[in-house]
Amino acid sequence: MKIRKHTELEVYQKAFDVAMQIFQASKSFPKEETYSLTDQIRRSSRSVCANLAEAWRKRRYEAAFIAKLSDSESEAAETQVWIEFAVKCGYLDRTFAKSLYQLQEQIIRMLVAMISKPAKWIIEPI
């Protein structure tokens, strides 16, 4: 099956699902975390998807494609850090957080695979 849109990428779908799980879970974070941990974890988890969408639209330019994928990978790793903070602060159940963390690991591996073999994804300039 030929992928036509970024939303059809398995890595995008996983990242979107994790971002939504994080959004739901972060609704219960304390009010005093609104402009710090809550905002940061939501922003970084959503940014994985946003950077993937940008990468997809830049497939004509290998360096730009790889750069946006790298940004997406960085945001996924940042999200893992915020997950750790949320557990240590007692805002996320350890078991649930572990599953989110592992999903981020899968996403990172998928992004690294795309970065390592960009030729599979690049389209020829018009």
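The values are calculated or read from the model by the stated rules, or taken from the named source; none is laboratory data. This structure is a prediction, so every number in the text was calculated from the model and none was measured. Cβ atoms come from the backbone with ideal geometry, glycine included; neighbour counts cover every protein chain shown. What goes into the accessible areas is simple: the full protein's heavy atoms, side chains included, and nothing from ligands, DNA or RNA. Shrake-Rupley method; radii C 1.70, N 1.55, O 1.52, S 1.80 Å.
Summary of values
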item	result
Any pair with Cβ under 8 angstrom, 6 or more apart, that starts in segment 99-126 at a residue that is among the acidic types (Asp, Glu) and ends at one that is surrounded by 13 or more Cβ atoms within 10 Å (Cβ to Cβ)	GLU105/GLN80
Count - residues of segment 51-66 that are among the small types (Gly, Ala, Ser) and either open to solvent by 50 Å² or more (accessible area, probe 1.4 Å) or not in a helix (DSSP H, G or I) (or both)	1
Residues being open to solvent by 40 Å² or more (accessible area, probe 1.4 Å), more than 12 Å from the chain's Cα centre (by Cα) and not β-branched (Val, Ile, Thr) - total across segment 103-124	7
Options ALA63, ALA55, ALA25; residue that is among the small types (Gly, Ala, Ser) and in contact with a Lys or Arg (Cβ under 9 Å, 6 or more places away or on another chain)	ALA55
Residue pairs meeting the criteria (Cβ under 6 Å; at least 6 apart or on separate chains; first closer than 8 Å to ILE115 by Cα, in segment 63-76; second modelled with pLDDT under 95 and not aliphatic (A, V, I, L, M))	none
Search result, residues across segment 1-44 that are open to solvent by 60 Å² or more (accessible area, probe 1.4 Å), of a type outside the set (A, V, I, L, M, F, W, C), touching a residue at least 12 places away in the same chain (Cβ under 8 Å) and not in a loop (DSSP other than H, G, I, E, B)	GLU10, ASP17
Answer from TYR35, TYR101 - the residue that is farther than 19 Å from SER116 by Cα, out of contact with any Cys (no Cβ under 8 Å at 6 or more places or on another chain) and at pLDDT 95 or above	TYR101
